[in-house]
Structures are given as C-alpha cells and as structure tokens.
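Enquirer: What follows is a structure written as structure tokens; I'll ask about it next.
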Amino acid sequence: VPDALRQSPRLQAHLELVRRHFVALRDALALAHALRRTLVLPALQCLCDRSESPKVLPSCIYEASDLKLPFTCPITHLIDLHWLSQLQPHPGRQGIDIREA
C-alpha cells in the first residue's frame with residue numbers, strides 16, 4: 001500500500017475521503033441508535049474505482065473506462081451491508097435499521 005500511495009495522489013485523496021465517510025457514518029450510526037431511528041445511508045462520492053488490480057493505479061479507473069471522477073459509488077464499495085445490519089449495540093437490544101437512500 002505505501003508504494004501505491006506514492007504512485008497515486010488520487011488514491012491518497014480517495015482514502016482520505018473514505019476516512020471522512022467512515023467518521024460521518026459512525027456518527028450517523030450513533031445518532032440512529034440513540035434516537036431509535038432508521039439510518040438512511042447517503043449517496044457517497046468516490047475518487048477511485050474499486051479494484052484489486054495494480055493496473056488501476058495511478059489513474060484509479062480501468063483502462064478504456066468512461067467513468068468520470070468523482071462518481072457516486074455503490075455503498076458496497078465501502079462497507080459490507082450484511083455485516084452492518086447485524087450489528088447489535090448491546091446484548092438483548094435491537095439492532096439499527098439501515099436502508100439506502
């Protein structure tokens with residue numbers, strides 16, 4: 001990962017953006033839990049397409065792709081929704097209802 005970060009300033013920016021998304025989602029989960037409300041997941045922006053291939057760096061998109069950056073990425077690019085829906089705040093208490101916008 002350190003080599004990839006040196007090769008791609010866009011990847012650095014993407015990871016910082018994702019970090020901010022996670023902070024906001026953490027806060028939103030806490031509020032939804034405290035208020036006993038459904039968390040409506042917002043549309044999130046991404047600066048890199050998801051890929052395991054090193055060829056995607058440094059541009060953060062697949063070759064010959066017409067993807068325009070930034071783009072609204074699927075929430076599944078960032079989090080496992082099934083895992084998130086199974087979170088239990090405390091034993092014996094109801095989990096947090098989650099849906100996409």
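The values are calculated or read from the model by the stated rules, or taken from the named source; none is laboratory data. It should be emphasised that the depicted structure is a prediction, and the values quoted were computed from it without experimental measurement. All Cβ positions, even for glycine, are placed from backbone atoms using ideal geometry, and neighbour counts span all protein chains on display.
Here's the yes/no breakdown for (1) modelled with pLDDT of 85 or more; (2) of a type in the set (A, V, I, L, M, F, W, C):
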| position | (1), (2) |
| --- | --- |
| Tyr62 | no, no |
| Leu67 | yes, yes |
| Leu78 | yes, yes |
| His82 | no, no |
| Ile96 | no, yes |
| Ala101 | no, yes |
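Enquirer: Inside the range 39-70, can you point out the residues that are touching a residue at least 40 places away in the same chain (Cβ under 8 Å), over 22 Å from Arg6 (Cα atoms) and in contact with a helix residue (DSSP H, G or I) (Cβ under 7 Å, 6 or more places away or on another chain)?
Expert: Leu39, Leu41 - these are the residues of the range 39-70 that are touching a residue at least 40 places away in the same chain (Cβ under 8 Å), over 22 Å from Arg6 (Cα atoms) and in contact with a helix residue (DSSP H, G or I) (Cβ under 7 Å, 6 or more places away or on another chain).
Enquirer: Can you tell me which residues in the range 13-29 are at pLDDT 90 or above and of a type outside the set (D, E, K, R)?
Expert: Result: Ala13, His14, Leu15, Leu17, Val18, His21, Phe22, Val23, Ala24, Leu25, Ala28.
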